[in-house]
1. Does residue 36 count as in contact with a helix residue (DSSP H, G or I) (Cβ under 6 Å, 6 or more places away or on another chain), β-branched (Val, Ile, Thr) and over 27 Å from residue 133 (Cα atoms)?
2. From the list 23, 80, which one is at pLDDT 95 or above, outside any loop (DSSP other than H, G, I, E, B) and basic (Lys, Arg)?
3. Any chance segment 89-99 includes a residue that's outside any helix (DSSP H, G or I), in contact (Cβ under 8 Å) with a residue 12 or more places away in the chain and under 16 Å from the mean Cα position of the chain (by Cα)?
4. Determine, yes or no, whether residue 108 is assigned to a helix (DSSP H, G or I), of a type outside the set (Phe, Trp, Tyr) and within 29 Å of residue 138 (Cβ to Cβ).
5. Name the single residue that is farthest from the chain's Cα centre (by Cα) among those in segment 114-159 being of a type in the set (Val, Ile, Thr) and surrounded by 12 or more Cβ atoms within 10 Å (Cβ to Cβ).
Amino acid sequence: MAGKAVIIMGSDRDLDFSREIAKYLKILGVTYEFRVASAHKTPEKVLEVIKEFNAEKAVYITVAGRSNALSAFIDGNTTKPVIACPPYSEKFGGADIISSLRVPSGIGSVVTIEPEGAAIATAKILALQDPQLDANVKAYQEGKKKELDKANESIKKLK
């Protein structure tokens, strides 16, 4: 089994952003599940989610804005990879992302603010043990290169 992404949202308001991540996971061939649990409000539920996937090959993608304790809390309670993908908020001018970057010592979560980036990082981690996912990532990268080549050819024709 290839493993899966577990997308954990701090609240259901993060669902649309999480669906963007899921869109790219589907393209890359990564299965996923959604969960809602807050490190601040329901820490016991977060621990239950971690326990639920303890025996599986899983990568956690955390989606929490404002004060993102979720990513560091999960990372401190699992040996599995954690990718923080906080939704950007114009309201805070990006300052809310700092809580995903400044974490306590001993925490190894990584941060990307783009749903596509979270999906690619997840696929690459799982591809370490799955040749099909590795091929999917390579094909995705090649597709991106072809898009750029096509754009370049179109631009070259402009005067």
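The values are calculated or read from the model by the stated rules, or taken from the named source; none is laboratory data. Everything quoted here is computed from the prediction, not taken from an experiment. Cβ: placed from backbone, ideal geometry, glycine included. Neighbour counts: every protein chain shown.
1. Working: in contact with a helix residue (DSSP H, G or I) (Cβ under 6 Å, 6 or more places away or on another chain): yes; β-branched (Val, Ile, Thr): yes; over 27 Å from residue 133 (Cα atoms): no.
Criteria not met by residue 36.
2. Details: 80 fails: outside any loop (DSSP other than H, G, I, E, B).
The conditions single out 23.
3. Here is the first cut: in segment 89-99, the ones outside any helix (DSSP H, G or I) are 89, 93-94.
Of the ones still in play, those that are also in contact (Cβ under 8 Å) with a residue 12 or more places away in the chain are 89.
Add one more test, that the residue is under 16 Å from the mean Cα position of the chain (by Cα), and what stays is none.
No, because not a single residue in segment 89-99 is outside any helix (DSSP H, G or I), in contact (Cβ under 8 Å) with a residue 12 or more places away in the chain and under 16 Å from the mean Cα position of the chain (by Cα).
4. Values: assigned to a helix (DSSP H, G or I): no; of a type outside the set (Phe, Trp, Tyr): yes; within 29 Å of residue 138 (Cβ to Cβ): yes.
The answer is no for residue 108.
5. Initially, segment 114-159 is screened for residues of a type in the set (Val, Ile, Thr), giving 120, 122, 125, 137, 155.
Narrowing further to those that are surrounded by 12 or more Cβ atoms within 10 Å (Cβ to Cβ): 120, 122, 125, 137.
On the way: 120: 8, 122: 6, 125: 11, 137: 15 Å.
Ranking the qualifying residues of segment 114-159, first place goes to 137.
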